[in-house]
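Working notes, structure below.
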Amino acid sequence: MIKRRHQILLCLLCCLTLPACYAQATSPPPLPQQVELNGVIFVRIPAGNFWYGIDAFDRFTQPAPGQPIHRQVQVWLDDYYIAKYEATASDLARFLASDAISTELRQRHLDSWTQGSEAELQTGHGCTLRLNQEGNAIIGSIQKLPATYLSWEQADLFAKWMGARLPTEPEWQKAARGTDQRIWPWGDTYPDDSYGNFGFGRRCNPSPVDQFPKGSSPYGLYNMAGNVAEYVGGWYNDKLDLALKMNSKNPPAHSVGSAIPYDQPKRIKKGGRWSRDIVGHAIVARNLAASKNATNRDGARFALDASTVKQLLAQGKARAIDLPSPL
């Protein structure tokens, strides 16, 4: 009789614990903190709310006296990944040599080099690239310099060729500031030149993409203030910006641009650039440009959906990076 009771109790215990064990065995593995795809390191930005700083007025009209320039809107973003460093000149050289870019678009990129400084023109340089005797774009002697002279349309195609995409502006901002309302990626401290590359004029003056760890963001991203400007996906649209409400979830990149008097719709660049003063490097700051315009200070940073990362890991096309355990 006692043995029978033990058997019944054992059966009941198995019935109670099997579903939990099965759920644990079949639940998906946690997303890795960092992954590598095509030589680019991506950092996971965890799901949650953050403060999205956005224009509080139509920037093509004069704001009223005393009107705030920006407003802070709490926005939810799902998990996503963003590149730890800016896109590099070496990857841009490979892209320019590929079949992914049309002859016309490649030539337009090379033609933009003529907007550089006199020293660049005399040496045949495109800031972080130069042409060899065969007419191919190659990097110089300094390694890990950022891609430059990118227009938005070139940056968008470049990102796709690398298996990624451009981040939305909310994604870019959260990666730069975290969940507080800091002014710059490192916080509110007015910086010296150990925080980043800024305020050096228009001539070609890039720094390696892995320089200035002191100025990194809460998620460990480099050069989100200074060095090169970074395009985000979508268009500038003042009406959609003004309509964004508190507690919005995963706001998409704007698919249509504002109708701007006497001009064409604009794209958005973030992170300032080496030629701007530090005020222009605030996380909320924007710089607008036409889709085809490019300067020696225009670069990119790539992003990935979390669902894309899962697929790439399952297919063996990306690899998880093991981070050192904390001491």
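Worth a mention:
- Looking across region 38-88, the residues that are closer than 22 Å to residue 128 by Cβ, crowded, with 20+ Cβ neighbours inside 10 Å and in contact with a Gly (Cβ under 8 Å, 6 or more places away or on another chain) come down to 84, 86, 87.
Let's see how each residue does on (1) surrounded by fewer than 22 Cβ atoms within 10 Å (Cβ to Cβ); (2) over 17 Å from residue 175 (Cβ atoms); (3) of a type in the set (Ser, Thr, Tyr):
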{"position": "197", "(1), (2), (3)": "no, yes, no"}
{"position": "213", "(1), (2), (3)": "yes, no, no"}
{"position": "217", "(1), (2), (3)": "no, no, yes"}
{"position": "222", "(1), (2), (3)": "no, no, yes"}
{"position": "231", "(1), (2), (3)": "no, no, yes"}
{"position": "249", "(1), (2), (3)": "yes, yes, no"}
{"position": "256", "(1), (2), (3)": "yes, yes, no"}
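- Residues (modelled with pLDDT under 95, crowded, with 18+ Cβ neighbours inside 10 Å and in a helix (DSSP H, G or I)) located in region 269-327: 278, 280, 281
- Checking each residue in region 54-93 for being of a type in the set (D, E, K, R), under 30 Å from residue 161 (Cβ atoms) and over 15 Å from the mean Cα position of the chain (by Cα) picks out 78, 91.
- Looking only at region 197-228, residues that are in contact with a helix residue (DSSP H, G or I) (Cβ under 9 Å, 6 or more places away or on another chain), on the phi > 0 side of the Ramachandran plot and at pLDDT 95 or above come to 2 in all.
- Complete set of residues in region 105-152 that are modelled with pLDDT of 85 or more and among the hydroxyl-bearing types (Ser, Thr, Tyr): 112, 128, 148, 149, 151
- Unique match (being among the acidic types (Asp, Glu) and in a helix (DSSP H, G or I)) among 263, 241: 241
- Scanning region 158-171 for residues that are under 17 Å from residue 229 (Cα atoms) and in a helix (DSSP H, G or I) returns 158, 159, 169, 170, 171.
The values are calculated or read from the model by the stated rules, or taken from the named source; none is laboratory data. On a predicted model such as this, the values are computed, not experimentally measured, just so you know. Note that we place each Cβ from the backbone using ideal geometry, even for glycine, and neighbour counts take in every protein chain shown.
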